[in-house]
Amino acid sequence: MGTLSKPARADEALAEATQWLAQFAQAVTKRDAGGATELFDPACHWRDLLAFTWTLITFEGREEIRAGFDGVLASVATTHWEIDGAPTLSEGVVTAWFRFETAGGRARGCVRLRDGKCTVLFTALTELKGYEEKSGVRREEGIELGGIKGKRSWAEKRQTESARLGNEDQAYCLIVGASQGGLALAARLRQLDVPTLVIDKLERPGDAWRNRYKSLCLHDPVWVDHMPYLPFPAHWPVYTPKDKMADWLEMYAKVMELDVWCSTECTSASYDADENQWSVNVVRAGRATTLQPTHLILATGLSGMPRTPTFPGAEAFQGVQVHSSAYHGGSAFAGKRCVVVGSNNSAHDICQDLWECGADVTMIQRSPTLVVRLKSLRRIADAGPFSEAGIAAGITTEEADFAAASTPFRLLENLSRTNYAKIEAWDRDFYDRLRAVGFQFHFGEDETGILMMYLRRAAGYYIDVGASDLIANGEIKLISGDDVAGLQAAGLVLQSGAEVPADLIVYATGYGPMAGWAEQLISTDVADKIGPCWGLGSDTRDDPGPWEGELRNMWKPTAQEGLWFQGGNLAQARHYSRYLALQLKARLEGLATPVYRRPGNHIRPNSG
């Protein structure tokens, strides 16, 4: 049999995708859950981001998908199903993008077919009908024509609006945290006309980056890191230095006209279920006030409070002790003996920074670390949509975002395992050198590498930008397999009895869970009710282990009414802020948002 030509392959892919989509649309329109499920392969996944379920959820296998359809089709009316772009056929798999509408919104999706059956379905809400963003042809005029006495300029209107918000006018949404997560969400909400106030205890937007050690850079390339609406310019460096990132965020808040209160600390919060609103106590520049938003969004990053170990004899140590979160640079420690306890990203970066400042540096590794070279990660990424090749091919950031989101997290496991096997082969000499000096490393839980480790617990790894070579060469001393027993006046004592002299000890020992902010600001009861944040598992604390297909409690309704979490890296903050903003806008406008729950608790009534 001859090989199909490209036009024939394209025609075949289009025909197969068109037929499947027509059958699926018909089944959904008839609310035929069984008929819709029959269109799926036995090994299948459906990832839905709000379009059908008003939450972020992944269904795995026909049984779960059938239950999902049973739970949502009665309340979802869909129309205008159509193929979007040219479907592709590769290695027996047809991939087709499509668009459709629900009663209240517009959505897009992707289907992957093998032998006419769906292996992966992705559906995502993109906008609300009647509440579209004011962009493109909908943008504001910016000027009032004609002579108008007492006419106010744009700046005057903004000044009045900003002065009233949080004072005479209460914000509908209060975001705690003015770094990339909080600002990205605030920008989305502003475009949707949702009154939003952002608060941060630091002095300026971006200070969370600005105040870190001087060598810190983003580890994702610039084309992955754009903020919503304002991409970085073409001359921007591939890996953004932390001070440039900080200045960009400060500029972003101003240009996007976000209402941000800096030097404002949230001290406590409580929810009034009868009034459906929060009472949030804050101190702004020394003045206490109470804010009463309907929704409270914690955008404080992936981590909770710094986790500092308590070692016997710590009070006797005569040098400097500091957690990595408070380390700002090593210039004051040239010629000094410095010990870094820990072996993940911050520990390596701080060791390298201290070495570059002329310090005598020792790393104490207390557990194995996943290590991967930045160049190798770039090599893997260059084969995907987020790459210079993707840009050259005309793939927009939004298209790359949807392409990445269309693959359920479960299916990333095998892909990540394959990619990390390539990295291990490419960098065998690099790993041999680390092994030779006693550095303990691994290739991730179940050999799936850094991506799955990031998604599962956002810790335990180092992306190498130079410190590994310094360790392998002995420039940074390494103590591995011997933990700290205690401190004394001149340094540390190890469990083996060995003494390690030190003038500085940096505890690069990580942070508590993200839900710790809810515990500190609201209550232990609320934190317990919410359950874990981040990681792939159940949203509930009672049973946090089972696979649920999504990151726990992120960008979706939590068990605490009116409380949300916004976080992740820059790419996640950019893309998933879209879905969180749509949920908040829908609630502001009183739209029905029946949230799907697994069998036993399918639908939770609309809130807000």
| Counted residues, region 137-156 - those being closer than 15 Å to Val255 by Cα and not in a loop (DSSP other than H, G, I, E, B) | 2
| field | Condition met for Thr119 (in contact with a Lys or Arg (Cβ under 7 Å, 6 or more places away or on another chain) and under 19 Å from Pro408 (Cβ atoms)) | value | yes
| said: Looking only at region 290-313, count every residue that is more than 30 Å from Arg574 (Cα to Cα) and surrounded by fewer than 15 Cβ atoms within 10 Å (Cβ to Cβ) and tell me the total. | reply: 4
| Quick one: is Trp209 aromatic (Phe, Trp, Tyr) and at pLDDT below 95? | yes
| message | Every residue in region 495-519 that is under 28 Å from Phe333 (Cα atoms) and either of a type in the set (Lys, Arg) or buried (at least 17 other Cβ atoms within 10 Å of the Cβ) (or both), please. | response | Val500, Ala502, Asp503, Leu504, Ile505, Val506, Tyr507, Ala508, Thr509, Gly510, Tyr511
| field | Close pairs (6 angstrom Cβ cut-off, 6 or more residues apart or separate chains): more than 23 Å from Trp534 (Cα to Cα) and in contact (Cβ under 8 Å) with a residue 60 or more places away in the chain in region 494-518, in a loop (DSSP other than H, G, I, E, B) and among the polar types (S, T, N, Q) anywhere | value | Tyr507/Thr308
| request: Report, by residue number, each residue of region 393-424 that is crowded, with 17+ Cβ neighbours inside 10 Å, within 18 Å of Thr95 (Cβ to Cβ) and hydroxyl-bearing (Ser, Thr, Tyr). | output: Ser406
| said: Regarding region 371-385, can at least one residue be identified that is buried (at least 21 other Cβ atoms within 10 Å of the Cβ), outside the structural domain of Phe232 (by TED's automatic domain parsing) and closer than 29 Å to Gly335 by Cα? | reply: yes
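When the residues of region 320-350 are narrowed to those that are in a loop (DSSP other than H, G, I, E, B) and not small (Gly, Ala, Ser), which ends up nearest to the chain's Cα centre (by Cα)? Steps first, please.
Initially, region 320-350 is screened for residues in a loop (DSSP other than H, G, I, E, B), giving 327-330, 334-336, 342-344.
Subsequent filtering for residues that are not small (Gly, Ala, Ser) retains 327-328, 336, 344.
Working: Tyr327: 24, His328: 25, Lys336: 38, Asn344: 19 Å.
Selected residue: Asn344.
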| task | Specify the residue that is farthest from Phe100 (Cα to Cα); the eligible residues are those in region 21-49 that are free of Cβ contacts under 8 Å to residues at least 60 places away in the same chain and not in a helix (DSSP H, G or I). | result | Pro42
| request: Keeping to region 511-529, report how many residues are under 24 Å from the mean Cα position of the chain (by Cα), modelled with pLDDT of 90 or more and not polar (S, T, N, Q). | output: 8
| What tally of residues in region 351-373 results from selecting those that are within 18 Å of Asn473 (Cβ to Cβ) and not in a strand (DSSP E or B)? | 9
| query | Does region 128-148 include one or more residues that are touching a residue at least 60 places away in the same chain (Cβ under 8 Å) and either of a type in the set (A, V, I, L, M) or within 30 Å of Leu412 (Cβ to Cβ) (or both)? | reply | yes
| query | What are the residue pairs meeting all of these: first residue in region 238-267, first residue more than 20 Å from Ala187 (Cα to Cα), second residue buried (at least 21 other Cβ atoms within 10 Å of the Cβ) and at pLDDT 95 or above, Cβ atoms under 7 Å, and 6 or more apart or on different chains? | reply | Thr240/Asp225; Glu265/Val282; Cys266/Val176; Cys266/Ile199; Cys266/Val280; Cys266/Val282; Thr267/Val282
| message | For region 59-74, give me each residue that is of a type outside the set (Val, Ile, Thr) and either assigned to a loop (DSSP other than H, G, I, E, B) or within 30 Å of the chain's Cα centre (by Cα) (or both). | response | Phe59, Glu60, Gly61, Arg62, Glu63, Glu64, Arg66, Ala67, Gly68, Phe69, Gly71, Leu73
| remark: How many residues of region 86-97 are in a loop (DSSP other than H, G, I, E, B) and loosely packed, with under 11 Cβ neighbours inside 10 Å? The answer is 2
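Just checking, does region 334-342 include any residue being basic (Lys, Arg) and buried (at least 18 other Cβ atoms within 10 Å of the Cβ)?
Going residue by residue through region 334-342, those that are basic (Lys, Arg) are 336-337.
Now drop any that are not buried (at least 18 other Cβ atoms within 10 Å of the Cβ), which leaves 336-337.
Among the residues of region 334-342, at least one is basic (Lys, Arg) and buried (at least 18 other Cβ atoms within 10 Å of the Cβ), which makes the answer yes.
Residues checked against (1) modelled with pLDDT of 95 or more; (2) at positive phi:
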| site | (1), (2) |
| --- | --- |
| Trp278 | yes, no |
| Asn281 | yes, no |
| Gly286 | no, yes |
| Leu298 | yes, no |
| Ser303 | no, no |
| Pro306 | no, no |
| Ala316 | yes, no |
| Gly342 | yes, yes |
| Met363 | yes, no |
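Select, from Glu60, Glu82, Glu101, Glu64, the only residue that is of a type outside the set (Lys, Arg) and over 30 Å from Gln566 (Cα atoms).
Being of a type outside the set (Lys, Arg) and over 30 Å from Gln566 (Cα atoms) holds for just one of Glu60, Glu82, Glu101, Glu64, which is Glu82.
The values are calculated or read from the model by the stated rules, or taken from the named source; none is laboratory data. Quick caveat: nothing in here was measured; it's all calculated off a predicted structure. Neighbour counts are summed over all protein chains in view; Cβ atoms, including those assigned to glycine, are modelled from backbone coordinates with ideal geometry.
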